[in-house]
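Below is one structure, written out as structure tokens, with a few remarks after it.
The values are calculated or read from the model by the stated rules, or taken from the named source; none is laboratory data. Just so it is clear, the structure is predicted and the values come from calculations on it, not from any experiment. Using ideal geometry, Cβ is built from the backbone for each residue, glycine included, and neighbour counts are taken over all protein chains shown.
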Amino acid sequence: MTEALHQRSIGSIFRVLAFPVLIALLDGAIRLRTMRMFSGFEWTCYGISVVLMMSIWFLLIRVLPKFHKRKGKLVYRATVALISFTIVALLSMGWGMYIANGDLPDLFILSFIRCETENAIIMFRDSVGVWHAVVLIVGTAILCFWINLECKKQSTMWQPQKTSLWATALLGSGALWFSWTFTAGQGQCFVPVVRIPMIVGMYLQNEIKGINPKPIYLPPRDPITITTEIPRPAINVLLILNESLRRNRLSLYGHSRNTTPFMNEWAAKYPDRFFSFERAYSNSTTTLLSVPSILTGIAPVQPVSERIKAPLLWQWAKAAKMQSFYFTSHHLDWLGLGDFITTPAPDASWDMRHENLPSYRDMGCDDHYTVERAISHIESLKNAEKPFLGVVHLNTNHYPYNTEPLYQQWSGSDVDLYDNTILETDTHTRRLIETLERTGQLERTVILFASDHGEAFHEHGYTAHFYCHFAETITVPLCVWLPQRFAAQRDLSHLKDNRKINIQNLDILPTILDCVGAWENEPLAEHRAAMMGSSLFREIDPKRNILITNTDEVMPSIIGLSSVTGDFHYMLRTSGSSPVEDLYHITNDPQERNNLWPDISDTEKHSYRSKFLPYPVSASMMKKAFPHLSAASNAQPR
Ligand SMILES: [Zn+2]
């Protein structure tokens, strides 16, 4: 090799490496915050991923000119365009998702697309704007030009030995083998352009093995009929059920921003009849488990067969000769939720399908429609002989947190937009309460205000609600307002005490049944026994176990399990490569920063794990994480 040729070949090697190096530098700049926390092994994985990217790029540049020679210009150009588009799409998708959520795409995204295709399309549509198309087109054009330039120069300047091609192929295969074998759970340490094809490969591999989750659909209900006659109560009950509403973002619960001006006023106006519970917890952070459990009183940890047969709120209303209604902003075609909630159907119901309304905020509709229809219905019940038991199920606080300009008080990050949605929720609540007042029904209506779960904003690296059980996703508001005459006739001492202790969404149905006189009814003891919740009007053990799960026989999830007992919040997290456990002191450490788990004794650890053993699905999750775990003698089924 002559000196000049030698220099030229070194120069072209540097040029070939320019693209992968540029991508690695850009990746480093975008993900600097995460990369600062990388361990040695994570840096090794990252390095391997860069080697893999370099090998692929080098082979591409070597093979494409041959394509030009053998297949002609048109095929060559189409191939270059397709490759450029794919690379730019993978990079923009990976980095875009990291910028939005703090994570690169993983296997869960593919499972989500498969299990909730309609939802995925809506989220994609809501997230993609004109700028994304511009980036994609301009990026593809630049990359086409770059690849073409490289290929041309390669064919005229440098004809390396076949051995260098083989060496690159060998190096690339080695990097690929290492990635497939040793990097499970290290997905976030990869350059997106390498990571995304790898997870697609893993997904296809799982598909062949048959271990990918199957599409989710709630099984058909087989409801028990309540045969016992319940005397007709003299009051109405209205449950305002919110979506993804997290407790500490309400000014009613001390948030520094005035997100709930109406609720603050409402609470101040009726200090003896408005009860806000300070330690309410959700029993699941997915709507699909949380809402059916609220409407049946059967916990997400209990077998799905019990939830299928348990009477719904409407059946209780019928037995008490009340008229029921359910007005919802949620899309009832979602994973069988609608069939579940309407078997049997309430006396009156409304959802977006009745008027073919467009989707707004995920799959739901604009709450203004729902509240309008609910208001008309409540007005129509003004002189009705039968009292009502109704649910207004809103969706205002769901991702992507869009609101009308009227509510746009705060701007910036997602959590600012989320606060705007709470301000909107407050208006919906005010309108419903004012309707009851205007039509003379307020002083005969018990009102409950609740939420199916909370919402996370990167407090522990997670967003939305499904992906973790940290405090931000399980703490919910729960308020009860009582009419004057009703309050005067009742012993409210326990209700007052319970404001300070741990309560759960599973207490909502028993509380409603207690209000309408059905909770203490002896022939109904069998139904009562099936429920894990308790009426908020009764004495509740402050140290009872509140169990939280996103997994049952229908709903797969890798999130893990959680419990709240007394002052402690326990979590088993199984989404990583090995199980992780956390324990936080609820009052001393509400932000959940100081994990006490390493400091407690093995006996205590065993008792936290054992709480889940009486429930088959949770028990199998616990035993999968700890194969030697045996049932503790002190495990209580409640
Ligand atoms: Zn929800």
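Observations on the model:
- Among the residues of segment 497-533, those that are outside any helix (DSSP H, G or I) and farther than 19 Å from Ala487 by Cα comprise Ile501, Asn502, Ile503, Gln504, Asn521, Met531, Met532, Gly533.
- Answer from Asn420, Asn402 - the residue that is within 24 Å of the chain's Cα centre (by Cα), at pLDDT 95 or above, more than 16 Å from the ligand (Cβ to nearest atom) and surrounded by 16 or more Cβ atoms within 10 Å (Cβ to Cβ): Asn420
- Contact map, segment 234-257: first residue assigned by TED's automatic domain parsing to the domain that holds Cys468 and among the aromatic types (Phe, Trp, Tyr), second residue within 16 Å of the ligand (Cβ to nearest atom) and at pLDDT 95 or above, Cβ cut-off under 8 Å, separation 6 or more or different chains; pairs are Tyr253/Arg247; Tyr253/Pro477.
- Flag if Asp362 is in contact (Cβ under 8 Å) with a residue 60 or more places away in the chain, in the same structural domain as Trp316 (by TED's automatic domain parsing), at positive phi and within 16 Å of the ligand (Cβ to nearest atom): yes
- Residues located in segment 232-270, provided they are within 16 Å of the ligand (Cβ to nearest atom) and among the hydrophobic types (A, V, I, L, M, F, W, C): Leu239, Ile240, Leu241, Leu245
- The lone criterion from (1) in contact (Cβ under 8 Å) with a residue 60 or more places away in the chain; (2) assigned to a loop (DSSP other than H, G, I, E, B); (3) among the hydroxyl-bearing types (Ser, Thr, Tyr) left unmet by Tyr584 is number (2).
- Search result, residues across segment 110-122 that are surrounded by 15 or more Cβ atoms within 10 Å (Cβ to Cβ) and either on the phi > 0 side of the Ramachandran plot or in contact (Cβ under 8 Å) with a residue 24 or more places away in the chain (or both): Leu110, Ser111, Arg114, Cys115, Glu116, Asn119, Ile122
- Residue count for segment 402-455, restricted to those that are in a loop (DSSP other than H, G, I, E, B) and touching a residue at least 12 places away in the same chain (Cβ under 8 Å): 14
- Among the residues of segment 71-107, those that are without any contact (Cβ under 8 Å) to a residue 40 or more places away in the chain, surrounded by 15 or more Cβ atoms within 10 Å (Cβ to Cβ) and β-branched (Val, Ile, Thr) comprise Thr79, Thr86.
- Subset tally (residues that are closer than 19 Å to Ile87 by Cβ and either surrounded by 13 or more Cβ atoms within 10 Å (Cβ to Cβ) or at pLDDT below 85 (or both)) for segment 29-47: 3
- Residues (surrounded by fewer than 17 Cβ atoms within 10 Å (Cβ to Cβ), at pLDDT below 95 and part of a loop (DSSP other than H, G, I, E, B)) located in segment 553-581: Glu553, Pro556, Ile558, Ser575, Gly576, Ser577, Ser578, Pro579
- For segment 431-443, a tally of residues being of a type in the set (D, E, K, R) and crowded, with 17+ Cβ neighbours inside 10 Å returns 0.
- When Asn550, Asn594 are checked against the criterion of being polar (S, T, N, Q) and without any contact (Cβ under 8 Å) to a residue 12 or more places away in the chain, Asn594 stands alone in meeting it.
- All positions within segment 372-396 that are under 26 Å from Thr259 (Cβ atoms) and either crowded, with 22+ Cβ neighbours inside 10 Å or small (Gly, Ala, Ser) (or both): Ala374, Ile378, Gly390, Val391, Val392, His393, Leu394, Asn395, Thr396
- For segment 284-299, taking the residues that are under 17 Å from Trp316 (Cα atoms) and not polar (S, T, N, Q), the one that is nearest to the ligand (Cβ to nearest atom) is identified as Val291.
This table checks each residue for (1) buried (at least 21 other Cβ atoms within 10 Å of the Cβ); (2) more than 24 Å from Tyr270 (Cα to Cα); (3) of a type in the set (Phe, Trp, Tyr).
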| residue | (1), (2), (3) |
| --- | --- |
| Ile447 | yes, no, no |
| Cys468 | yes, yes, no |
| Val480 | yes, no, no |
| Ala488 | no, no, no |
| Asp507 | yes, no, no |
| Asn521 | no, yes, no |
| Arg528 | no, yes, no |
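- Phe449 within 16 Å of the ligand (Cβ to nearest atom) and in contact with a helix residue (DSSP H, G or I) (Cβ under 6 Å, 6 or more places away or on another chain): no
- Residues in segment 597-623 that are in contact (Cβ under 8 Å) with a residue 40 or more places away in the chain and either assigned to a helix (DSSP H, G or I) or charged (D, E, K, R) (or both): Tyr608, Lys611, Pro616, Val617, Ser618, Met621, Met622.
- Of all residues making up segment 456-504, the number that are of a type in the set (Val, Ile, Thr), within 30 Å of Thr574 (Cα to Cα) and away from the ligand (no atom under 16 Å from the Cβ): 2
- Among the conditions (1) more than 16 Å from the ligand (Cβ to nearest atom); (2) in contact with a helix residue (DSSP H, G or I) (Cβ under 9 Å, 6 or more places away or on another chain); (3) over 24 Å from Ala374 (Cα atoms); (4) part of a loop (DSSP other than H, G, I, E, B), the only one that Leu218 does not satisfy is (1).
- In the set Arg279, Arg307, Arg273, only one residue is more than 16 Å from the ligand (Cβ to nearest atom), of a type outside the set (Gly, Ala, Ser), in contact with a Pro (Cβ under 6 Å, 6 or more places away or on another chain) and in the same structural domain as Pro344 (by TED's automatic domain parsing); that residue is Arg307.
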